[in-house]
Structures are given as C-alpha cells and as structure tokens.
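Just below is one structure, and these are the notes that go with it.
Readers should treat all values here as calculations from the given coordinates under stated rules, not as data from a laboratory. Note that this is a predicted model, so its numbers are computed, not measured. Neighbour counts are summed over all protein chains in view; Cβ atoms, including those assigned to glycine, are modelled from backbone coordinates with ideal geometry.
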Amino acid sequence: MDYGISPYDEPYARPRRRINYFGWTVAILVLTGFALAAWLGSFYIFDQPERPDSYRILQRLHKIEPPKRFELTAAPAGEFLNPQQLYDRYVGMGAAELARTNAELVRNYIRNYQQVRGLVPYVVGRYTIIAARQLGPGDVFTSGMVALTNAVDNGELLMEHLYPADPEALPLMKQTLNVGLEIKLERTHDISAVIHAERLIDGRIMVTAVPLLYGSYTVTRGLGSFRLEPPLTLNLTAGWPLVKAQERTAIEQRIAEYQ
C-alpha cells in the first residue's frame, strides 16, 4: 500500500480570501455621491438659467438661444396690467416671494417663453421719461438705451423700459428718448413684458420691461427711424435693476432741485 503523496493532492490548502465589505460599501457610496452630485448639478444648471454661472455654462454648451423677436399675433399668452395693477401685484410680496417671482420672470425671458406657467405680465398705461441713458458692458443688456419713467396715473410706480438696439441706432434713439417724453403702451400694438420687479426702500415699486416685438420707431419731426434688436447675449452678473439705487436717487434729486 502506497502512502505517498498523489500528484493531484495539494499539501497545503490556499487560504480563502476575505471579501472587503467595508471597501465595497465605501466605493458604492462614493459612486452614489458622484451620481447625485451630477444630477443636482444638471438640475441647478438647466433648471435655473437665470443664475449667472448657469447661464455661462449653458452658453458654452450651446444650450441657450438668444432672445427672439415675437410677432404681435404670436406673442406669449399674457395679461395686460396698468400701473395700479402692477403696483398691487408686487407691493404685497415678501422678500422671498419676490425673489422667486423675479427668478421666474427672467427664466421665462431667457427661455423665450417656451415653458411658462401662467400668463406673462405685460405693461400698459402712460409713463413719462425722467431720465434715459445708453446701455453698456456693465448692464444686463449691453447695447441700446434704458429709459427711467414715472407712471402718469400712479406716483408709486416706476418703470425702466429697455430699448435693445445695435450701436448704429444710438444717435437717433438719443434724439427720441428725451426727458419729459410720454410713453403710451397699449395692448393693441405694444408687448412690453415685465422681467423684473423691485421694491424700493420708500415702498414704491419699480418694474423692468422689455418690448418683445423689438419694433421700429420713427423719430419726431421726420428725421428718420430706428429699429430695436434682440440682444445676442445677457450680462447677468451686472444684476437687476439696470438703473441702480444710487443712480436713481441722483436722478430724482436733480428733478427735485429744478422743481
């Protein structure tokens, strides 16, 4: 009887390797964290294009279209609000609600009103220009002009009305948008959408409006005409409103001195 070692026998059994459950758990948690971060980042960027950093990223990814020119018959569904209605709508909002509303107003404009909940607020009524200036690289809209106005029928409402245009149109625009000029916005041919609302320290409301038709304007006394143009991009880091508090205060102080 042979008690020798068979060539098929292993003299020493190889020890079984332990599974590192802790290591696998850590790896799974890390991968889950990466997936969650990617999802949250996508939500943050794509669902909030009104944030300056999100807007820049979407531009680099070519996921942002420039604001479009609307036709009167194809404008986004909206409601036309006079100065009193505009004041009543925004004066009662708390800070958080107003911030959410403003984010949605700008978001709708950036998306060319493709995913609007409810109706777009449009401005109607009579407004008198108290100041106008050229837009520049330090503004949200970087080319054209902005006119600061008082509502004729409500002293508690101001409006800064934007006139985006190419630089070539500026000479004629400056001849037209003079202090004292009355702007009359009517629902039959004006589609000026509210894209921001600001509650001032003294309780007044100032809205920012932009004409979605980007139409043509004839200069008084037949000197020519100019045409508005949608902006190619927005400088959201400049912040809202375009006429900041210090500039507005200086304008109103000059008006008070002349009265």
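Below is a table of values for the structure above.
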| item | result |
| --- | --- |
| Three-way shape call for the range 123-259 based on the alpha-carbon gyration tensor, with the a/c threshold at 1.5 | rounded |
| Sorted peptide list for 240-247, 154-161, criterion being average Cβ within 10 angstrom, highest first | 154-161, 240-247 |
| Cβ crowding within 10 Å averaged over residues, with 228-235, 192-199 ranked highest first | 192-199, 228-235 |
| Projected label distance in nm at LEU200 and LEU223, using a 7 Å step from Cα toward the beta-carbon | 2.9 |
| Amide proton proximity set for GLY144, modelled H, under 5 Å, gap of 5+ | LEU135, ALA165 |
| Tensor-based shape of the range 52-124 (alpha-carbon gyration tensor, a/c under 1.5 rounded, otherwise prolate or oblate) | oblate |
| Protection-proxy order for peptides 94-100, 205-211, 130-136, each taking the mean of Cβ atoms within 10 Å per residue, highest first | 205-211, 130-136, 94-100 |
| Whole-angstrom gap from the range 108-141 to the range 166-244, using each part's C-alpha centre | 7 |
